[in-house]
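Student: One structure, pasted below without further comment.
Values in this text are rule-based calculations from the coordinates and carry no lab data. These numbers come from a predicted model, not from an experiment. Note: ideal-geometry Cβ built from the backbone for every residue, glycine included; neighbour counts use all protein chains shown.
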Amino acid sequence: MRKLLMTLVVVMAATNLAGCGYNKLQNQDESVKAAWSEVVNQYQRRADLIPNLVATVKGFAAQEERVLVGVTEARPKPRPSSSRPSSSTIRRPSSNSSRRRASSRRP
């Protein structure tokens, strides 16, 4: 009888100790699942932001195109009458102005 009682106590103790380890494993498993779901949530948020980013880039590209077209249209257009500038449009420094500059350098 005593041997049976000792065996029963040992079996009960082993069962209790095994149960505690199982609960710990379950808690750790739930912690891992919760952490992994946070990673998945972050990936999903990033994936959801990509279409917004693409739309923003397209909007900026369209605005830059409008600005570029506006600037190029605002520039003066060349005259098709002659391919070379005439001598009247070329400004040459007068000899008097170069003499004035040279005389102002002397002490």
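Student: About the Cα centre, and with charges only on the beta carbon of Lys, Arg (+1) and Asp, Glu (-1), how big is the dipole of segment 1-72? Nearest 20 debye, please.
Tutor: 500 debye
Student: When 1/r is averaged over all different Cα pairs and the result inverted, which Kirkwood radius in Å belongs to segment 1-72?
Tutor: When all Cα pairs of segment 1-72 are included, the Kirkwood radius is 18.2 Å.
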